[in-house]
2 protein chains.
Amino acid sequence: MNILISNDDGIDSRGIASLAATLKEIGNVTVVAPRTEQSAVGHAITMKIPLRVTEYYKDSTFFGYAIDGTPADCIKIGIRNIMKKPPDIVFSGINHGSNTAINIIYSGTVSAAREAAIMDIPAIAISVANHEAKHFEYANKIAKELAYLVVRNNLQKGTLLNVNVPDLPEEEIRGVLLTQQGKSKWDDIYEEREDPYGKKYYWLTGDLVEVDNDLITDHFAIKNKYATITPIHFDLTDYKTFETMKSWNIPEYFKNSNKHVK
Amino acid sequence: MNILISNDDGIDSRGIASLAATLKEIGNVTVVAPRTEQSAVGHAITMKIPLRVTEYYKDSTFFGYAIDGTPADCIKIGIRNIMKKPPDIVFSGINHGSNTAINIIYSGTVSAAREAAIMDIPAIAISVANHEAKHFEYANKIAKELAYLVVRNNLQKGTLLNVNVPDLPEEEIRGVLLTQQGKSKWDDIYEEREDPYGKKYYWLTGDLVEVDNDLITDHFAIKNKYATITPIHFDLTDYKTFETMKSWNIPEYFKNSNKHVK
């Protein structure tokens, strides 16, 4: 099995080294990851400036290609230019910190996996729910098993799996659940501060608004010590609203446009 | 009506000035937009460094707040810190260049509107399908009408409308269609080049793979000279695959994990 691994914490993070070491047990691993941390870059890609590729040797066991770009860039250039043939599966992670609920919108980890899914390659984003992640063991075990399950069950093209694992020893994790994206989100606050020259600047912070209360959601399940697997896709059409909006009679309405608005 | 406008082409673009001038006819307009072009930044947000807010006067008719950040940053800080009370509706655009099919994943324009939708505020992303956009008239007309329609029909919270308009005079546009996100996408190529010091660098380019052939898709409709309105949302769960994956028996499978993989 040919496996491509990326992340958004950067190629020197502990999580990606741990995942690469584990996945070497089941396949040929290529690591292509951002040279520096790229958290919260979402699905940004680099077009206005070129990319550079640097060989990165951490120690005798970890080698990868470091890219001066985003996680999505790493998947694109990894598959198009670095790998000899497309990978059978792509992993993004292990991220330090969970990626659940609305937060997955901002996640570079999830976007790397999504970029692979856009290229019709099965992909798995995997995160441990603590920015100071200590326990990668169970996440690694899930990663190996999922590589097997995804191939055996022929995961739908265009779908990726977003996996979150509590930062706990395996025996304290209650199990693994199939989940949906939760709705909890951040209530943003910009702290207003003053720089040494008397000019204002604003720093993003905020409070998490917890609205999920069912184990069917990724966010609530992980809070309750379950690992979660959520299938996500990139078809953003809101089909329910699409049906509702048929009653707006868009084509007819605009034939008579400028009627309602002065 | 209180209206917030942002974009991803930057506060000095022609498209945002044109939209702001139009929407002033129907409400109080606040412009909060990136200081520099932010195309293809997706839903990136700025957390590691603070944001600066600069007052921007283009001429006697156009005033706005320029942010050293992404489109999503502009919506967050615009609503949280700059506006006295939340807007009734948010617009992002008018973008120079279409945002259809898979490309909306990378779009800063769409992400600005999506950030507003996350905050439960009705939002419209609007683009003219040409990077050298010449015709903003009909896009502006649609923007005004949609502000009216969205309020009258009480657009579902969490949904935004992604609008694309051909770069043509109104009389050459065939009509306005309610559409879905297409599946056309880029076949990426990284051009390998050498810098003056003999080091390699890679520049993203590629060919568009056209797979849409039905007027129900944004991509095909705009190619055929229709303006398009696509409802999109940020619930990324793939519910169809969720149902299929129930047969994977995830919880039971992982109770016996490490059985299948050596």
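Only the coordinates and a few stated rules stand behind these numbers; no lab work does. Predicted model, so just to flag it, every value in this text is computed and none were measured. Neighbour counts run over all protein chains shown; Cβ positions are idealised from the backbone, glycine included.
Key figures for this structure:
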quantity: Binned Cα-Cα distances of the range B:132-176, short to long, each 5 Å bin given as a whole percent; calculated: 5, 20, 28, 21, 14, 10, 4
quantity: Translational diffusion of the range A:109-256, µm² s⁻¹ [Kirkwood Rh, Cα pairs; Stokes-Einstein; 25 °C; 0.890 mPa s]; calculated: 133 µm²/s
quantity: Net length gained if the chain between B:Lys200 and B:Lys58 were fully extended (0.36 nm per residue, minus Cα distance); calculated: 47.1 nm
quantity: Nm distances between copies for B:Lys246, ranked from closest, using label points 7 Å along Cα→Cβ; calculated: 2.6
quantity: Ascending list, in nanometres, of distances separating the A:His131 label from those of the other copies (7 Å, Cα toward Cβ); calculated: 3.8
quantity: Residue-averaged [θ]222 nm for chain A, counting only DSSP H segments that reach four residues, each worth -39500 (n - 2.57); calculated: -7000 deg cm²/dmol
quantity: Label point distance in nm, B:Asp187-B:Thr244, each placed 7 Å from Cα along Cα→Cβ; calculated: 2.5 nm
quantity: Mean shadow area of the range A:73-188 over all directions, Cα convex hull, nm²; calculated: 8.1 nm²
quantity: DSSP beta bridge pairing in chain A, given as percent antiparallel to the nearest 5; calculated: 45 percent
quantity: Ranked by how many other beta carbons lie within 10 Å on average, peptides B:72-79, B:228-235 from highest; calculated: B:72-79, B:228-235
quantity: Cut-off 18 Å, label 7 Å out along Cα→Cβ of A:Thr36, residues of the range B:34-59 by amide N; calculated: B:41, B:44-52
quantity: Sequence-distant residues sharing a close amide H with B:Asn95 (under 5 Å, placed H); calculated: B:Ile126, B:Ser127, B:Val128
quantity: 20 °C / 1.002 mPa s Stokes-Einstein diffusion coefficient of the protein assembly as shown, Kirkwood radius on C-alpha pairs, µm²/s; calculated: 91 µm²/s
quantity: Hypothetical label at A:Asn130: residues of the range A:210-228 whose amide nitrogen lies under 13 Å (7 Å Cα-Cβ projection); calculated: A:225
quantity: Mean projection area, nm², convex hull over Cα of the range A:106-145; calculated: 3.3 nm²
quantity: Cα-derived Rg to Rh of the range A:66-138, Kirkwood definition; calculated: 0.99
quantity: Reciprocal of mean inverse Cα separation for chain B (Kirkwood radius, Å); calculated: 19.8 Å
quantity: Radius of gyration, Dmax [the range B:166-228; alpha carbons; angstrom]; calculated: 17.8, 54
quantity: Shielding score for A:201-212, defined as the mean number of other chain Cβ atoms within 10 Å; calculated: 3
quantity: The range A:17-60 - Rg over Rh from alpha carbon coordinates, Kirkwood radius; calculated: 1.03
quantity: Base-10 log of normalised Debye intensity for the range B:203-261 (one unit scatterer per alpha-carbon) at q = 0.13, 0.16 Å⁻¹; calculated: -0.69, -0.79
quantity: Other copies of B:Gly175: label-to-label distances in nm, shortest first, labels 7 Å along the beta-carbon direction; calculated: 5.3
quantity: Debye intensity ratio in log₁₀ form over the Cα atoms of the range B:1-126, taken at each q of 0.18, 0.21, 0.22, 0.23 Å⁻¹; calculated: -0.84, -1.17, -1.30, -1.43
